[in-house]
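This report concerns only the one structure given below.
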Amino acid sequence: MIFNSLFTKYLIENKILEKEFANEWLTKSNAIGTPIYLELVKNEILDEEAIYRDLAKYLGYEYRYCHLSEIQLDFVKNYPRDLMIEYQGVPFFLHGDTLTILCSNPFRIEEFREFLVYGGRKLNFIISPPTQMQRILNYANNKIQQDIVLTNYAEPTTDITEAPEGVPVDAPIIQLCDSILKDAINRGASDIHLEPFEKTIYLRFRIDGKLMKVEELSPHMFPSLLARFKIMADLNIAERRIPQDGKIGMEINNQAYDFRVSTIPTLHGEKIVIRIYNRLFRSGNISQLGFSEKQTGLIMEMITRPHGIILLTGPTGSGKSTTLYTFLRYLNKIDTNIITVEDPVENEIMGINQIQVNPKAQLTFATALRSILRQDPNIIMVGEIRDEETAQIATRAAITGHLVLSSIHTNDAAGVITRLINMGIPKYLVADSLLGAISQRLVRKLCPKCKKARMTTKAEMELLGLEKKHKIYDAVGCPFCNRTGYVGRIGVFEIMVLNDEIRNIVMSDDFTSEKVGDIVERDMTTILSHTKERVLNGETSLEEYDGLIDIVKPNS
């Protein structure tokens with residue numbers, strides 16, 4: 001292929017790949033008959049965004065990683081969706097007589113001439129990476145279908161608060177419920193909220209830790225929506241007086257998801273909250289969690305020990321499960337027996353034996369953990385230590401040759417020791433079994449497109465403990481970040497490794513968590529110091545740092 005040879009030459013000349021290595025992949029690509037850039041991405045030789053940026057530059061096109069909020073749905077819906085999916089591109093905007101197309105395959109641009117029938121006389125192209133283009137197409141297709149359903153849905157006479165047990169669940173409602181779940185996935189939401197009020201229904205998504213209103217729905221359709229979600233989650237559609245919990249399993253965009261459904265009676269009907277879990281967890285790269293170099297060293301020292309207990313702490317939604325699963329993926333080897341007991345099993349990991357807690361069948365954390373010890377485990381993960389019995393079994397397992405990973409609710413890493421002692425674990429057992437604790441939070445990442453640099457004020461220098469002015473960044477807001485100023489979240493961590501000094505304090509008569517906290521602050525990175533580091537690096541804002549102070553140090 002002539003293109004492969006020319007693009008390989010470009011990669012070599014621009015020092016993107018070494019000559020010998022590049023020619024090796026050129027030979028492989030030509031043998032298969034595919035463009036070399038696709039093979040480089042497929043085999044994880046180069047990052048998809050990086051190679052497509054180079055591809056666009058080589059071909060003389062603009063490159064853009066377009067966010068979903070930048071897509072103008074009212075404009076896009078005027079064009080044939082089947083062709084957009086086939087050609088892997090969407091109309092971006094029309095300026096004068098020039099139609100700009102966002103596409104991921106530069107070798108099919110001639111086919112977009114069909115779109116000139118719908119407006120414009122000339123075409124302009126922007127290259128976007130295929131993974132993001134697929135997200136855009138999924139999002140646009142789903143939202144357009146959703147709008148059609150909402151527009152065409154006939155208004156019934158059923159009152160929202162007096163809906164009969166036999167509420168009709170017709171095809172449009174089925175499509176609407178499916179589209180809500182798909183929309184949440186496409187937008188990267190962690191939770192879906194459907195909230196009934198007297199004259200409207202709020203549909204809100206939690207994105208990057210913040211609730212965002214997506215739609216206001218007409219109250220007449222809520223009984224059918226409620227009934228459909230209850231049917232999908234295997235709940236009792238006739239019961240509206242008490243809370244209910246269930247689960248929906250669904251494949252969206254070729255990935256398996258679990259949707260945990262919770263209903264609760266409110267003044268104007270039952271509120272629905274749906275938490276989203278990606279069932280298949282692939283990442284085992286600890287460096288991607290966001291630990292600093294120093295913290296990564298401490299983590300590796302702990303998780304590679306043959307026995308002991310490591311506890312994670314932090315509020316709901318702080319990323320504890322992601323951290324635990326990443327550790328498990330890293331430790332998952334063919335010669336290692338790993339067993340987990342969870343409530344719920346959030347992600348399935350091939351090669352790991354995962355147990356779902358079932359209180360109705362008397363399968364609790366404690367009973368499951370007791371049985372696990374007879375299954376010859378090397379590593380045990382307990383979703384959460386909630387009671388004294390579970391704590392006793394977990395800590396004793398840790399001193400009898402097992403590595404135990406779990407989570408516990410405390411405000412900081414040092415508080416884990418006090419919590420275990422208060423649960424009835426003897427001090428000597430805490431000192432012998434506990435390898436360390438990790439406290440974590442999530443802070444929002446500044447939007448790379450619109451963040452604005454400035455120098456710190458005197459008050460901000462005092463807040464951050466700086467002796468001289470430093471450049472920091474403020475959130476601004478643009479279409480890329482949906483006018484929030486933030487895109488995604490990143491972890492901030494506090495790591496306590498039990499050394500001899502801490503063990504001596506634990507065993508002493510005048511033990512306090514404050515004394516342990518002083519050692520952590522002196523020798524190890526705290527959540528606030530890690531957040532400060534991210535502020536000074538331009539990753540997050542002073543607003544996020546300030547928001548953590550009262551949470552992490554409520555009495556300061």
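The values are calculated or read from the model by the stated rules, or taken from the named source; none is laboratory data. Since the model is a prediction, treat every value here as computed from it, not as a measurement. FYI the Cβ positions are ideal-geometry reconstructions off the backbone, even for glycines, and counts take in every protein chain you see. When the accessible area is computed, the model is the full protein with side chains, heavy atoms only, and any ligands, DNA or RNA have been set aside. Shrake-Rupley method; radii C 1.70, N 1.55, O 1.52, S 1.80 Å.
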Restricting attention to segment 271-325, which residues are touching a strand residue (DSSP E or B) at 6+ places or on another chain (Cβ under 8 Å) and closer than 30 Å to LEU217 by Cα?
LYS271, ILE272, VAL273, ILE274, ARG275, ILE276, TYR277, ASN278, ARG279, GLY317
Scanning for something of a type outside the set (A, V, I, L, M) and within 18 Å of GLY314 (Cα to Cα), does segment 475-490 turn up at least one residue?
yes
Filter segment 176-226 down to residues that are outside any loop (DSSP other than H, G, I, E, B) and of a type in the set (Asp, Glu) and give me whichever is most open to solvent (accessible area, probe 1.4 Å).
GLU216
Name the single residue, out of those in segment 460-480 being within 18 Å of VAL443 (Cβ to Cβ) and not in a loop (DSSP other than H, G, I, E, B), that is most open to solvent (accessible area, probe 1.4 Å).
LEU463
Go through segment 112-131 and give me each residue that's part of a loop (DSSP other than H, G, I, E, B) and surrounded by fewer than 16 Cβ atoms within 10 Å (Cβ to Cβ).
GLY119, ARG121
Give the residue, chosen from ARG483, ARG441, that is crowded, with 22+ Cβ neighbours inside 10 Å and at pLDDT below 95.
ARG441
Residues of segment 295-318 being open to solvent by 20 Å² or more (accessible area, probe 1.4 Å) and within 18 Å of the chain's Cα centre (by Cα), which ones?
PRO315, THR316, GLY317
Does ASP97 meet the test of being within 27 Å of GLY477 (Cβ to Cβ), of a type in the set (Asp, Glu) and surrounded by fewer than 21 Cβ atoms within 10 Å (Cβ to Cβ)?
no
Quickly run through segment 239-264 and pick out the residues that are in a loop (DSSP other than H, G, I, E, B) and either in contact with a Ser or Thr (Cβ under 8 Å, 6 or more places away or on another chain) or farther than 23 Å from PRO172 by Cβ (or both).
GLU239, ARG241, ILE242, PRO243, ASN254
Of THR390, THR410, THR400, THR457, which residue is among the polar types (S, T, N, Q), open to solvent by less than 50 Å² (accessible area, probe 1.4 Å) and over 27 Å from the mean Cα position of the chain (by Cα)?
THR390
Give me the pairs: first residue in segment 496-517 and within 24 Å of GLN295 (Cβ to Cβ) and among the hydroxyl-bearing types (Ser, Thr, Tyr), second residue outside any loop (DSSP other than H, G, I, E, B) and open to solvent by less than 30 Å² (accessible area, probe 1.4 Å), beta-carbon distance under 6 Å, and six or more apart or on different chains, which are they?
SER513/GLY415
Selection status of GLY465, out of contact with any strand residue (DSSP E or B) (no Cβ under 7 Å at 6 or more places or on another chain), free of Cβ contacts under 8 Å to residues at least 40 places away in the same chain and either among the small types (Gly, Ala, Ser) or over 22 Å from GLN295 (Cα atoms) (or both)
no
Go through segment 329-353 and report how many residues are modelled with pLDDT of 90 or more, open to solvent by 50 Å² or more (accessible area, probe 1.4 Å) and not in a loop (DSSP other than H, G, I, E, B).
3
